[in-house]
Amino acid sequence: MKKLLNNNNELLIEEINKLKKEKNAIILAHFYQRKEVQDIADFIGDSLALAQFAYKTDADIIVLAGVVFMAETAKILNPEKTVLIPDKNATCSLAESCKYKDFKKLKEKHKDAVVVTYVNTFADVKSISDICCTSSNALKVINSIGTENEIIFGPDENLGKYIESLTNRKMILWNGRCHIHDKFSLEKIIKIKSKNENIKIISHPECRKSILIISDFVGSTSDLIKFVKKDNSKKYIVVTEPGVIFEMKKECPDKDFIPAPPDDADCNCNECEYMKMITLEKIYSSLKNEKFEIHLKKEIINKAKLPILKMLEIS
């Protein structure tokens, strides 16, 4: 069986679906996942949508096809459920850039500040936050905070600067970056645009300011998908992790999507190696053996749940 599973996606998918029924399990996948993983998922979405769906599910087991902080968020919202991550090494460079001890020191320097943390953080950082946000609702979250309040925003500095530009409001920004969004090549994007008439540049707000300035639209992964569905253009340069193009092609099969290239001269596609760690084989193994379960201390869950719920209320 093992050999067949490694070489036959149809059989593998059949086995996964059997396990889901037997164990009352669901698979939640991020838009940056491999296309075959997105295909088998019960729900796909961005970080906000995954959190919203996880909070409402009646499944006993949640398999989070994404990265660790997403699985932690699902566990925080469902402490009584079993939450699995198919690869425990599927971390996030942005979350890794914001360690609890370091972030706590910043908070202690600004004791009266409202602490807003991007959902791309680990549970312990969320536990010392006042409210969480995603790229989908960061503007709404910041606008919900009185102008008399000082704000600490972390860990993505590029997103923080973008929100500052929209609100004309200065925040204390953590110096963190997504290693994928921070290395797109402005020069190469401009070169692609010059060779394609009527092409539009659509970008994620985690990108550098220089790229956001030349973009025709800036938004979260779900916002980018919504934009191409309603927009009348036929060709786009997609400046985010290229996994999202799979959903874009499903929604708009008559349109062309070009993944933006990174600065790396030897690489034409800017994929997140952590997102791509999740495979059908690992999902099957995780679900069958219920391995790589997310475990969090009760105290962390109780504290981290409050800022997440505040985010969901605003959304």
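Being surrounded by 16 or more Cβ atoms within 10 Å (Cβ to Cβ), out of contact with any Leu (no Cβ under 8 Å at 6 or more places or on another chain), among the charged types (D, E, K, R) and modelled with pLDDT of 95 or more is a property that does not hold for Lys183. Would you check if there is a residue in the stretch 83-97 being within 28 Å of Lys249 (Cβ to Cβ), part of a helix (DSSP H, G or I) and free of Cβ contacts under 8 Å to residues at least 40 places away in the same chain? No, the stretch 83-97 has no match at all. For the stretch 159-179, name all the residues that are in contact with a helix residue (DSSP H, G or I) (Cβ under 7 Å, 6 or more places away or on another chain), open to solvent by less than 20 Å² (accessible area, probe 1.4 Å) and in a helix (DSSP H, G or I). Across the stretch 159-179, the qualifying residues are Leu159, Ile163.
Residue-wise test of (1) open to solvent by less than 30 Å² (accessible area, probe 1.4 Å); (2) under 17 Å from Tyr274 (Cβ atoms).
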residue	(1), (2)
Gln38	yes, yes
Phe43	no, no
Ala59	yes, no
Gly66	yes, yes
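Restricting the stretch 20-36 to residues that are open to solvent by 50 Å² or more (accessible area, probe 1.4 Å) and touching a residue at least 40 places away in the same chain (Cβ under 8 Å) leaves a set whose member that is nearest to Cys272 (Cα to Cα) is Arg34. Scanning the stretch 180-204 for residues that are assigned to a helix (DSSP H, G or I), without any contact (Cβ under 8 Å) to a residue 60 or more places away in the chain and among the charged types (D, E, K, R) yields Asp182, Glu187, Lys191, Lys193. Test Ala74 against the criterion of being part of a helix (DSSP H, G or I) and either crowded, with 24+ Cβ neighbours inside 10 Å or in contact with a Pro (Cβ under 8 Å, 6 or more places away or on another chain) (or both), and give yes or no. Yes. When the stretch 131-165 is filtered for residues that are more than 24 Å from His30 (Cα to Cα) and among the polar types (S, T, N, Q), the ones remaining, listed by number, are Asn143, Ser144, Thr147, Asn149, Ser165. Exactly one residue among Phe217, Phe246 is surrounded by 13 or more Cβ atoms within 10 Å (Cβ to Cβ) and either without any contact (Cβ under 8 Å) to a residue 24 or more places away in the chain or over 20 Å from the mean Cα position of the chain (by Cα) (or both), and that residue is Phe217.
The values are calculated or read from the model by the stated rules, or taken from the named source; none is laboratory data. Everything numeric in this text was worked out from a predicted model, so none of it was measured. Positions of Cβ are generated from backbone atoms using ideal geometry, with glycine treated the same way; all protein chains shown enter the neighbour counts. When the accessible area is computed, the model is the full protein with side chains, heavy atoms only, and any ligands, DNA or RNA have been set aside. Shrake-Rupley method; radii C 1.70, N 1.55, O 1.52, S 1.80 Å.
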